[in-house]
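Below: one structure, written as structure tokens.
The values are calculated or read from the model by the stated rules, or taken from the named source; none is laboratory data. Because the structure is a prediction, the values reported are computed rather than measured. Cβ atoms come from the backbone with ideal geometry, glycine included; neighbour counts cover every protein chain shown.
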């Protein structure tokens with residue numbers, strides 16, 4: 001059943017990507033996730049996307065975009081903080097909290113453009129986004145409960161969710177897993193984007209700056225057993241330069257691009273739910289590490305890419321990309337929902353090869369060498385591999 005879901009989602013991604021960019025309606029692919037027990041994580045088992053409408057303008061010559069989004073799927077999560085103390089101990093690395101989640105998401109966004117980008121004709125210089133997101137999660141035992149799985153220094157049996165969470169009621173390290181492990185959330189967001197970049201996959205030049213605020217108040221996040229109360233502030237700055245392009249006629253046969261991103265993330269609050277822990281974790285933002293690891297309140301990350309882009313594969317919008325990357329990240333502050341403080345840095349280098357589909361999704365494979373720190377899911381080895389569905393920026 002899960003394999004069928006993944007195949008359906010993959011076919012859906014391929015079919016909707018052919019929507020015309022010139023239409024008033026456009027497709028949005030916001031997030032894709034996978035379950036590692038389903039074909040080793042190769043097929044997506046979760047998709048969050050929707051449609052946007054740009055058929056009218058509040059301001060002349062600026063874009064007004066109303067978006068409606070929906071998502072659903074079945075995923076696995078591995079958590080590395082002790083449910084009682086909040087520390088990421090060696091014992092937790094050897095036997096992390098492993099469980100499955102049935103997820104339903106929905107959201108509405110209003111995006112309004114202002115001024116004109118001097119770099120890209122037809123683009124807005126500033127875009128302001130106001131949004132609402134809802135989420136329902138049913139957390140349950142893993143589909144492989146009772147079976148041994150390799151995590152750090154050996155194979156350990158996957159336990160039931162209740163067995164893992166002994167002590168969590170007192171400390172609220174995982175507040176959305178309280179009660180009967182059901183969670184209903186409401187989140188509001190406000191975003192600002194300054195666009196000084198041209199990007200058509202074949203070339204990439206300019207600058208992007210974004211500042212995003214997210215807020216999930218307790219009063220709207222305690223309807224079921226699970227709870228949440230947190231806020232997040234994220235700043236991104238991206239610079240890009242096309243170093244070389246071989247385009248003798250109408251087809252770009254090869255291009256070489258240099259990209260760099262600085263990401264500063266502050267996520268804090270009395271009850272940071274698991275899904276938000278993933279978004280802010282240093283282990284997610286630095287490539288080659290495990291999601292939900294190095295969960296400090298403050299993360300500062302630099303991602304550097306050297307990208308090589310192939311000619312279009314039969315149709316414009318379908319390319320092969322090879323990335324050589326170097327990432328470094330610094331984390332400080334409390335580990336989420338605990339009194340444990342950390343001050344640390346991690347770094348990695350490696351390569352990614354991917355199939356770029358209409359510049360909104362990249363299906364690929366990654367090999368990373370970890371310069372400092374560990375991928376908790378891979379054990380005490382400096383080499384980390386895995387499939388991915390999006391480039392990091």
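Output the number of the condition that residue 191 fails; it satisfies all remaining conditions of (1) modelled with pLDDT under 95; (2) closer than 30 Å to residue 127 by Cβ; (3) in contact with a strand residue (DSSP E or B) (Cβ under 8 Å, 6 or more places away or on another chain).
Unmet for residue 191, out of (1) modelled with pLDDT under 95; (2) closer than 30 Å to residue 127 by Cβ; (3) in contact with a strand residue (DSSP E or B) (Cβ under 8 Å, 6 or more places away or on another chain): (1).
Which residue is nearest to residue 189 (Cα to Cα), if the candidates are limited to segment 116-131 and must be at pLDDT 90 or above and surrounded by 15 or more Cβ atoms within 10 Å (Cβ to Cβ)? Let's see the steps before the verdict.
As a first pass, look at segment 116-131 and keep what is at pLDDT 90 or above: 124-131.
From what is left, the residues that are surrounded by 15 or more Cβ atoms within 10 Å (Cβ to Cβ) are 124-127, 129, 131.
On the way: 124: 20, 125: 20, 126: 17, 127: 14, 129: 8, 131: 5 Å.
Only one residue fits best here, namely 131.
Which of the residues spanning segment 31-52 are assigned to a strand (DSSP E or B) and under 15 Å from the mean Cα position of the chain (by Cα)? Please lay out each step first, then the result.
Narrowing segment 31-52 to residues assigned to a strand (DSSP E or B): 31-34, 44-52.
Within segment 31-52, 31, 32, 33, 34, 44, 45, 46, 47, 48, 49 qualify.
Answer yes if at least one residue in segment 204-216 is at pLDDT below 95, crowded, with 16+ Cβ neighbours inside 10 Å and out of contact with any strand residue (DSSP E or B) (no Cβ under 6 Å at 6 or more places or on another chain), and no otherwise.
No: segment 204-216 contains no residue that is at pLDDT below 95, crowded, with 16+ Cβ neighbours inside 10 Å and out of contact with any strand residue (DSSP E or B) (no Cβ under 6 Å at 6 or more places or on another chain).
Here is a yes/no grid of residues against (1) surrounded by 21 or more Cβ atoms within 10 Å (Cβ to Cβ); (2) out of contact with any strand residue (DSSP E or B) (no Cβ under 7 Å at 6 or more places or on another chain):
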| position | (1), (2) |
| --- | --- |
| 81 | yes, no |
| 89 | no, yes |
| 96 | yes, no |
| 109 | no, no |
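I'd like to check something: does segment 230-241 contain any residue that is more than 26 Å from residue 274 (Cα to Cα) and more than 25 Å from the chain's Cα centre (by Cα)?
no
Could you grab me the full set of residues in segment 232-247 that are surrounded by fewer than 17 Cβ atoms within 10 Å (Cβ to Cβ) and under 24 Å from residue 133 (Cα atoms)?
233, 235
Give just the number: which of (1) on the phi < 0 side of the Ramachandran plot; (2) surrounded by fewer than 20 Cβ atoms within 10 Å (Cβ to Cβ) does residue 172 not satisfy?
Condition (1) is where residue 172 drops out.
Looking at this structure, is residue 105 closer than 30 Å to residue 39 by Cβ, at pLDDT 90 or above, more than 25 Å from the chain's Cα centre (by Cα) and outside any loop (DSSP other than H, G, I, E, B)?
Working: closer than 30 Å to residue 39 by Cβ: yes; at pLDDT 90 or above: yes; more than 25 Å from the chain's Cα centre (by Cα): no; outside any loop (DSSP other than H, G, I, E, B): yes.
No; evaluated as a whole, the condition is false for this residue.
Please list, ordered by residue number, the strands (runs of 3 or more DSSP E) wholly in segment 136-225 having 3 or more residues that are within 30 Å of residue 91 (Cβ to Cβ) and touching a residue at least 40 places away in the same chain (Cβ under 8 Å). Write out each step before concluding.
Numbers: elements: 148-150, 155-157, 182-199, 204-216.
So the answer is 182-199.
Residue by residue, here is whether (1) without any contact (Cβ under 8 Å) to a residue 60 or more places away in the chain; (2) crowded, with 17+ Cβ neighbours inside 10 Å; (3) more than 30 Å from residue 151 (Cβ to Cβ) holds:
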| residue | (1), (2), (3) |
| --- | --- |
| 270 | no, no, no |
| 275 | no, yes, no |
| 283 | no, yes, no |
| 299 | yes, yes, no |
| 322 | yes, no, yes |
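Where residues in segment 285-297 are farther than 29 Å from residue 200 by Cα and touching a strand residue (DSSP E or B) at 6+ places or on another chain (Cβ under 6 Å), which of them is surrounded by the fewest Cβ atoms within 10 Å (Cβ to Cβ)? Give the derivation first.
Here is the first cut: in segment 285-297, the ones farther than 29 Å from residue 200 by Cα are 289-297.
This time we only want the ones that are touching a strand residue (DSSP E or B) at 6+ places or on another chain (Cβ under 6 Å), so: 292, 294-297.
On the way: 292: 24, 294: 26, 295: 31, 296: 25, 297: 20.
Only one residue tops the list, namely 297.
What about residue 307, is it over 18 Å from the mean Cα position of the chain (by Cα), outside any loop (DSSP other than H, G, I, E, B) and either within 24 Å of residue 49 (Cα to Cα) or at pLDDT below 95 (or both)? Reasoning before the result, please.
Working: over 18 Å from the mean Cα position of the chain (by Cα): yes; outside any loop (DSSP other than H, G, I, E, B): yes; either within 24 Å of residue 49 (Cα to Cα) or at pLDDT below 95 (or both): no.
Taking the combined requirement at face value, the residue does not satisfy it.
Say we look at segment 367-381 and pick out the residues that are under 14 Å from residue 290 (Cβ atoms) and modelled with pLDDT of 95 or more; which of these is nearest to the chain's Cα centre (by Cα)? Explain how you work it out, then say what you get.
Taking segment 367-381 as the starting set, the residues that turn out to be under 14 Å from residue 290 (Cβ atoms) are 368, 370, 373-381.
Next, from what is left, pick out any that are modelled with pLDDT of 95 or more: 368, 370.
Working: 368: 18, 370: 20 Å.
This residue is 368.
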